[in-house]
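Down below is the structure, laid out as structure tokens.
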Amino acid sequence: MNGKFTVSSYRQAKRDGRKITMLTAYDYPTAKILDEAGVDSILVGDSLGMVVLGYEDTTRVTMEDMLHHIKAVARGTKNALVVGDMPFLSYHLGRHESVRNAGRLMNEGGCKAVKLEGGQEIQDDVKAIVNAGIPVMGHLGYTPQSVNLFGGHKAQGKSLETARRIYRDALLLQQAGVFAIVLECVPYKLASFISSRLDVPTIGIGSGAGCDGQVLVTPDMLGIFRDFSPKHSKKYVDMGSAMEQAVKAYISEVRDCAFPTEKNSFTVEDEIINQLKNEN
Ligand code: KIV
């Protein structure tokens, strides 16, 4: 990526047939590494709840949690487009509340766009947020905030009825003004079909290579989150094991007095220590 990636870069990438790359981040150092590596866009996802805060699902994540982490990521990002997830129930209590919460993520948090889960049922909220000048990314297919409705983590759109609904929702979201749509765990042929029918880019996670871009949860792809590994993800490096080895080495060096050495310590003139000894 050259220079800042913006909402218009999303559109341009789709027109040019250039795949968009997105990864999640929740803190300053990770955001900095992703940004310097050249990822197009960083999502401060509410996956935060599971992969950082240790909750069972994303429904416990609050606006304050999101703000705290979006601020850190925004401080670490120069070029990538930072998208902040709107947490559970922050856009279901009326348009006024939805716009206010989206505005807080942008204004206080520092992200440049927000992401909402859902289709027809949130169409008016999306329109109102976009009308307030806040770019919106949609999210269809498996939508983790509805885990209790789905009865678990399951691919969506396998029947004609659900496939039709996801396609219809994608068109409605596009009409409502979203600049891109995440398709999560949608069968790859359906995701490809939807991508070919939309003007806005689709960003897939577990939805195949026919999407216009891809997103992964960074602690999954780095092997840091080890409670479970989703079928759709790929572990590019096993940092969890590397961290465990490093911690074990530290424990044993401290116990053996092999760390710290003089190299890691500060010096003082012997005279000062002798003086202290004489005083006591
Ligand atoms: O919260 C998140 O990380 C997400 C991605 C899975 C797209 O929504």
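Does SER146 satisfy the criteria of being hydroxyl-bearing (Ser, Thr, Tyr) and within 16 Å of the ligand (Cβ to nearest atom)?
Spelling it out, SER146 is indeed hydroxyl-bearing (Ser, Thr, Tyr) and within 16 Å of the ligand (Cβ to nearest atom).
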Per the filter on the range 115-158, residues open to solvent by 10 Å² or more (accessible area, probe 1.4 Å) and among the charged types (D, E, K, R) are GLU117, GLU121, ASP124, ASP125, LYS127, LYS154, LYS158
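Would you list the helices (runs of 4 or more DSSP H) that sit entirely within the range 1-74 and hold 2 or more residues that are within 15 Å of the ligand (Cβ to nearest atom), under 20 Å from ILE205 (Cα atoms) and without any contact (Cβ under 8 Å) to a residue 40 or more places away in the chain?
48-51
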(request) Return a yes/no flag: does the range 76-97 have any residue that is open to solvent by less than 70 Å² (accessible area, probe 1.4 Å), within 14 Å of the ligand (Cβ to nearest atom) and in a helix (DSSP H, G or I). (result) no
Checklist line | Condition check for GLN145: within 18 Å of the chain's Cα centre (by Cα) and either at pLDDT below 95 or not assigned by TED's automatic domain parsing to the domain that holds GLY118 (or both) | finding: yes
ARG226 meets each of (1) at pLDDT 95 or above; (2) on the phi < 0 side of the Ramachandran plot with one exception, condition (1)
Flagged pairs (Cβ under 8 angstrom, 6 or more apart or on separate chains; first in the range 262-280, among the β-branched types (Val, Ile, Thr); second part of a helix (DSSP H, G or I) and open to solvent by less than 100 Å² (accessible area, probe 1.4 Å)) are none
(request) Please work out if ILE122 is on the phi < 0 side of the Ramachandran plot and within 15 Å of the ligand (Cβ to nearest atom). (result) yes
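Could you please find all residues in the range 66-75 being of a type in the set (A, V, I, L, M), open to solvent by 10 Å² or more (accessible area, probe 1.4 Å) and farther than 17 Å from THR6 by Cβ?
Correct list: ALA72 only.
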* Asked: Has the range 202-216 got any residue that is aliphatic (A, V, I, L, M) and farther than 19 Å from SER47 by Cα?
  -> yes
Inside the range 180-222, the number of residues satisfying the requirement of being more than 14 Å from the ligand (Cβ to nearest atom) and more than 24 Å from VAL82 (Cβ to Cβ) is 12
When the range 67-100 is checked residue by residue, the ones that are among the polar types (S, T, N, Q) and either under 21 Å from LEU172 (Cβ atoms) or at pLDDT below 95 (or both) are SER90, SER98
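The values are calculated or read from the model by the stated rules, or taken from the named source; none is laboratory data. For clarity, every value in this text was computed on a predicted model and none was experimentally measured. FYI the Cβ positions are ideal-geometry reconstructions off the backbone, even for glycines, and counts take in every protein chain you see. The area values use the complete protein model at the heavy-atom level, side chains included, leaving out ligands, DNA and RNA. Shrake-Rupley method; radii C 1.70, N 1.55, O 1.52, S 1.80 Å.
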